[in-house]
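Here is the structure we will look at, set down as structure tokens.
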Amino acid sequence: MVEKSAGQQDADNRDAGARDAGARDEAGAPGEADAFGEADASGTADVPGEAGSRDEAGSRDEAAVAKYVESLGLTLNNMGLPRMPARVFAALTTADSGEMTAAEVAEALSVSPAAVSGAVKYLEQTGLIAKERAPGARRDHYRVFDDFWFASMLKRERMLEMWRDATLEGVQAVGPDTPAGARLTRMADFLDYLVAELPKLFARWESMNADR
């Protein structure tokens, strides 16, 4: 066996070290890709959550939506709807799905679950929203329907009929020839006009929607 000189031994050691370094470069540093997500075949690592946020947001400007929710809630409040139910209704109206859980509403409005609980109960009792639960689901969903305003006005038609009939009873009670009787008669005439015209208005609306 021929002994290598000291110079030859040093050269061999340098070659072996270079080969080891090259192998480590190809494999990559242990744990480096895991810190930022799993690298794909091109060597690009995915940032956790970044793509998901874009997909969920879509083309919506969430800051503008949140501002509009507060604006719509204030408008509904000025129209007579209590403040928190108005905000909850606005949030549901601007949801693409038209439905949210109480927890999702609370997060969207930055309020307590207790505040949302009272608001959805009020909205449900007044017929403004519906509570649903899918088979096997553990949470209720609160929904506002696309044709809510049309359905709501249909209910108002029946209420107008009841109001008209009650007003006519009042005319008989106070006497048609009295000032109060005259006032109630004008009220009954107007309510009767609305009862007669609303079905025609609804029919025109349905016809317009059928052509769209």
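The values are calculated or read from the model by the stated rules, or taken from the named source; none is laboratory data. Just so it is clear, the structure is predicted and the values come from calculations on it, not from any experiment. As a convention, Cβ positions derive from the backbone with ideal geometry for all residues, glycine included, and neighbour counts pool all protein chains shown. For the accessible areas, the whole protein counts, side chains as well, though only heavy atoms, and no ligand, DNA or RNA atoms are used. Shrake-Rupley method; radii C 1.70, N 1.55, O 1.52, S 1.80 Å.
Counting only residues that are in a helix (DSSP H, G or I), farther than 12 Å from PRO82 by Cα and hydroxyl-bearing (Ser, Thr, Tyr), the range 110-125 holds 1 of them. Of all the listed residues (SER110, SER117, SER97), the sole one being of a type outside the set (D, E, K, R) and either surrounded by 12 or more Cβ atoms within 10 Å (Cβ to Cβ) or touching a Gly at 6+ places or on another chain (Cβ under 6 Å) (or both) is SER117.
Which residue pairs have Cβ atoms closer than 8 Å, lie 6 or more positions apart in sequence or on different chains, and pair a first residue in the range 159-174 that is open to solvent by less than 90 Å² (accessible area, probe 1.4 Å) with a second residue that is of a type in the set (Val, Ile, Thr)? Pairs found: LEU160/VAL195; GLU161/VAL195; ARG164/VAL195; VAL171/THR185. Taking the conditions (1) open to solvent by less than 50 Å² (accessible area, probe 1.4 Å); (2) out of contact with any Leu (no Cβ under 6 Å at 6 or more places or on another chain); (3) assigned to a helix (DSSP H, G or I) in turn, LEU128 satisfies each one other than (3). The single condition among (1) open to solvent by 80 Å² or more (accessible area, probe 1.4 Å); (2) at pLDDT 95 or above that LYS200 does not satisfy is (2). A single member of PHE145, PHE89 is modelled with pLDDT of 90 or more, in contact with a helix residue (DSSP H, G or I) (Cβ under 9 Å, 6 or more places away or on another chain) and either open to solvent by 30 Å² or more (accessible area, probe 1.4 Å) or at negative phi (or both), and it is PHE89.
All of LEU72, LEU81 fail the test of being surrounded by 14 or more Cβ atoms within 10 Å (Cβ to Cβ), modelled with pLDDT of 90 or more and not in a helix (DSSP H, G or I), apart from LEU81.
Within the range 186-196, the set of residues being surrounded by fewer than 15 Cβ atoms within 10 Å (Cβ to Cβ) and either within 12 Å of TRP163 (Cα to Cα) or aliphatic (A, V, I, L, M) (or both) comprises ASP189, PHE190, ALA196.
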